[in-house]
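Following: one structure in structure tokens, then a few remarks.
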Amino acid sequence: MNMRDEDLNSGVDSMMNAYYKLVGEAHVKNILEDLESEKDEIDKVKISKSMDDWFEKFIHTKEKEKQRKKWLKQIKLYSSRVAVFILVLISMFAVVTMSVEAFRVRILNYFMEKSESYTEFRVDEVVDGQSTPQLDMDQYYYPTYLPAGYTYDSAQSAGNVAIFRYSNGEDVLIFTQGSNGSAYHMDTEDAEMNEVPIGAISGYLIVKNDGIILFWNDDNTDFMINGNIKPNELIKIAESLEKNK
Amino acid sequence: MLAFLSVIENDVVRSHLEELYLLYNKELLYVANKILKDYHEAEDIVQTAFIKVADYLNENIDVKCNKTKGLIVIIVRNLSINQYNKRKRRYTANIDDLVDGISDESEVTPEINVLRLDQSEEVARLLENINEGYADILTLKYLYEYTDKEIAEMLSMSEGSVRTKLTRARQACKDVLGGERYEYA
């Protein structure tokens, strides 16, 4: 079959389809004419009550079915709209909130706090609940014993003098060390001063109403600790000193 | 009847269905009863026809136009014939005998179609004479443009039967146009 034959057959098919449609129209016309010619007989037909009742029920059922479909369609439509609305609302709140400076600062602080906590944790872990002060001095001493609750807080150095600060959150302990010859000025007014042994050497314990000071020295260094703790605790701190390596 | 008409709501399809029922219930019962000769069976067929046609009514349909009326009449008529054949247990054997006599190779030229365009009503009558369902199924397919599946659902038959009947109806139409049966018109 060549192209011309195919085109011809296709054309004939199209024409026949159109003709079938024409026959269909004529057929409907014939049906209606037949019915019209039998109109007198048709008018005599009685519709029973049972038939009307059935149709009423049928219509009611279709109505319910249609309402249900309509309802489901609306739910589907509105649920997607509500979802979009909520998404837009959340986005708007996020933009507005993040544009407020106080909020941004709070967020920033949150991350900083997290970061500080991590740093503190890492430092505390180094030496059994204590810390090793980091100073620019070649040699210094630090206590390896601290009363319960006290941890290293900060350190300062100036020349040959170093000051370490420890805290339990409320009270502080100040540990000061300096090469022999450094001058220390202590307020001993109304204070009670006693000589106490610190290991093989001795020191002076100065007790005042608002605190207690322990002062002692070895061949090279003078030491002083002041705080608001029991004397024996101060002595234990003093006895635990070690030199950095 | 008036009681339930009073509760009609503004639902387009529902009102179309009710309008169809009110306008054509007598004619449909008449068509079904004429074939089945049984009023109760005819009622059942009309009810079935409304159930089927309800799914094919759209909002733009004109209930009062001849095309709509023709559609539901065709459905009722075919359902009635099916029921009649079931009852008589004859089904379509006699119809198939008629079709067997029709050549499958009828040559139809465009000229023949042009010559008989104004005689389509006679052609439709001839088709009905060959088989009551041929003109109906051609009409559903080419005038109402329903798919084979939709026609099968409407007429309570399988899609295969629809395709077979359509093939035979087309062949019968070509045969009529070819002149073999045209002298009966």
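The values are calculated or read from the model by the stated rules, or taken from the named source; none is laboratory data. Treat the numbers as computed from the prediction; the structure is a model and nothing was measured. Note: ideal-geometry Cβ built from the backbone for every residue, glycine included; neighbour counts use all protein chains shown. Surface accessibility is based on the protein's heavy atoms, side chains included, excluding ligands, DNA and RNA. Shrake-Rupley method; radii C 1.70, N 1.55, O 1.52, S 1.80 Å.
Of the whole protein surface, B:Glu59 contributes about 120 Å² of accessible area at a 1.4 Å probe radius.
I'd like the FRET efficiency for A:Glu242 and A:Asp219, computed as 1/(1 + (r/R0)^6) with the beta carbon distance as r and R0 of 22 Å, rounded to 0.05.
Values: r = 16 Å, r/R0 = 0.75.
E(calc), rounded to 0.05, equals 0.85.
Placing pseudo-labels 7 Å out from each Cα toward the beta carbon at A:Leu87 and B:Asn129 gives an inter-label distance of 6.8 nm.
Under the criterion of Cα pairs below 8 Å and six or more residues apart, the relative contact order for region B:122-184 equals 41 percent. In region B:18-55, comparing the full protein assembly with the chain on its own, the residues that lose 30 Å² or more of accessible surface at a 1.4 Å probe are B:Tyr21, B:Lys26, B:Glu27, B:Leu29, B:Tyr30, B:Tyr39, B:Glu43, B:Gln47, B:Ile51. Share of carbon and sulfur in the accessible area of region B:123-165 stands at 43%, probe radius 1.4 Å. Compared with the direct C-alpha span, the chain from A:Lys57 to A:Ser80 gains 4.8 nm at full extension, assuming 0.36 nm per residue. If you wrap region A:36-104 in the convex hull of its Cα atoms and look at it from every side, the mean projected area works out to 8.6 nm². Both chains summed, the buried accessible area for B and A stands near 4500 Å², from protein heavy atoms and a 1.4 Å probe. Once both labels are positioned 7 Å from their Cα atoms along Cα-to-Cβ, the gap between A:Ile47 and A:Glu170 label points is 9.6 nm.
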